[in-house]
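So the structure is just underneath, and the comments pick up after that.
The values are calculated or read from the model by the stated rules, or taken from the named source; none is laboratory data. Worth saying up front: this structure is predicted, and the values here are computed from it rather than measured. For neighbour counting, all protein chains shown are included, and Cβ atoms are generated from backbone atoms with ideal geometry for every residue, glycine included. The protein model used for the area step is the full one, side chains on, heavy atoms only, and it has no ligands, DNA or RNA in it. Shrake-Rupley method; radii C 1.70, N 1.55, O 1.52, S 1.80 Å.
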Amino acid sequence: MPPVLSVLDLSPIPSGFTAGDALRNTIDLARHAEALGLRRYWLAEHHNAGSLACPAPEILIGQVGAVTRSIRVGSGGIMLPNHTALKVAETFRVLHALFPDRIDLGLGRAPGTDPRTAAALRRSREAVVVDDFPQQLDELMRFLADDGPPRASFSGSIRAIPIGVPSPEVWMLGSSEAGGALLAAQRGLGFAFAHHINPEDSIQVLRRYREAFVTSPHRREPWAILALAVVCAETDLAAQRLATSGELAMVRFLQGIRDRPLPSVEEALAYRYDAHEEALRAGRGAHVLVGGIARVRERLRALVESSGADEVMVLTHVHEHAARKRSYELVAEALAV
């Protein structure tokens, strides 16, 4: 059986367009993904990066859920240390009440931003260095599991509202064994590995997740998602051309230039990299799968076979929205054969 295919979206803002355009692209891409029969559509959380329009995935989840009917919609992810467990539980109960059996709560332990911004989100610098994520996760799971009858009187206890709403599916995100895989295995949760962040360890970490998985009320068997960046086009050359936009954007990001929009292909091809920038660009080659359908099929099959992934979640950053939609069509075709 071919692996399940899904979408990870950071709502990139293309050069020459606005944040509103980027968000409308997200909604249109979600409709397209559902029409292609993809399994789920996850929205990321990032802060203090003007090139992206994704600081509030919970809002976009509601927007995407409202214009689709069957595709699962969720966070990829909510960076739990930036929030209180109670607020996350209540937000996702509202979403699950609106879209029953379609909501995923993907959780990350990273801030999704720089340390100074993390401190602003958490309202203290001390909170940035405290690692209480396992305790926070347990608190969140207790709020989500509390589905008892109405209280006879107010007793001082705290419940996540609205009541009478079952828990959404909870997932752990991570890019290392310590960063989420073992916690997901120990808690009996699904796990999504960020290959686009750490391609070197994806095979080892997903295998370790499976080996360590403990059956739980949430999941009887492990389910491993391999999240990776892909640019697919009609030919290898066309895909390489489209990928130049993301290459320049990533080099800028690595240099701390985070407010520039995703450049067009023409802008990227006209840019002259200096030696340092060229080294940065070359070092990111393994992080993105670029090619025509045959090349992408070959590389995806090899990664899925070696990692044992049940599902492939694709992130595609190209400037033209039509090319982005076409890339997902071709990836779906590559995995279907």
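When ARG297, ARG252, ARG241 are checked against the criterion of being in contact with a helix residue (DSSP H, G or I) (Cβ under 8 Å, 6 or more places away or on another chain), assigned to a helix (DSSP H, G or I) and open to solvent by less than 70 Å² (accessible area, probe 1.4 Å), a single residue qualifies: ARG297. I'm trying to understand the selection: among the residues of segment 74-123, which are small (Gly, Ala, Ser), open to solvent by 10 Å² or more (accessible area, probe 1.4 Å) and closer than 25 Å to ALA227 by Cβ? GLY76, ALA110, GLY112 - these are the residues of segment 74-123 that are small (Gly, Ala, Ser), open to solvent by 10 Å² or more (accessible area, probe 1.4 Å) and closer than 25 Å to ALA227 by Cβ. For beta carbons closer than 8 Å, sequence separation of 6+ or different chains, a first residue in segment 91-102 that is at positive phi and touching a residue at least 60 places away in the same chain (Cβ under 8 Å) and a second that is open to solvent by less than 30 Å² (accessible area, probe 1.4 Å) and not in a helix (DSSP H, G or I), there are no qualifying pairs. Of the helices (runs of 4 or more DSSP H) lying entirely inside segment 133-231, those carrying at least 1 residues that are in contact with a Phe, Trp or Tyr (Cβ under 7 Å, 6 or more places away or on another chain) and within 22 Å of VAL312 (Cα to Cα) are 182-187, 202-212. Applying the condition of being touching a helix residue (DSSP H, G or I) at 6+ places or on another chain (Cβ under 6 Å) and among the charged types (D, E, K, R) to segment 168-219 and asking which residue is surrounded by the fewest Cβ atoms within 10 Å (Cβ to Cβ) yields ARG208. Per the conditions (1) touching a helix residue (DSSP H, G or I) at 6+ places or on another chain (Cβ under 6 Å); (2) open to solvent by 10 Å² or more (accessible area, probe 1.4 Å); (3) within 23 Å of GLU200 (Cβ to Cβ), the sole criterion not satisfied by LYS325 is (3).
Of the set (1) more than 25 Å from GLY188 (Cα to Cα); (2) modelled with pLDDT of 95 or more, all apply to VAL73 but (1). On the basis of being out of contact with any Cys (no Cβ under 7 Å at 6 or more places or on another chain) and assigned to a loop (DSSP other than H, G, I, E, B), does ARG258 make the cut? So ARG258 passes the test.
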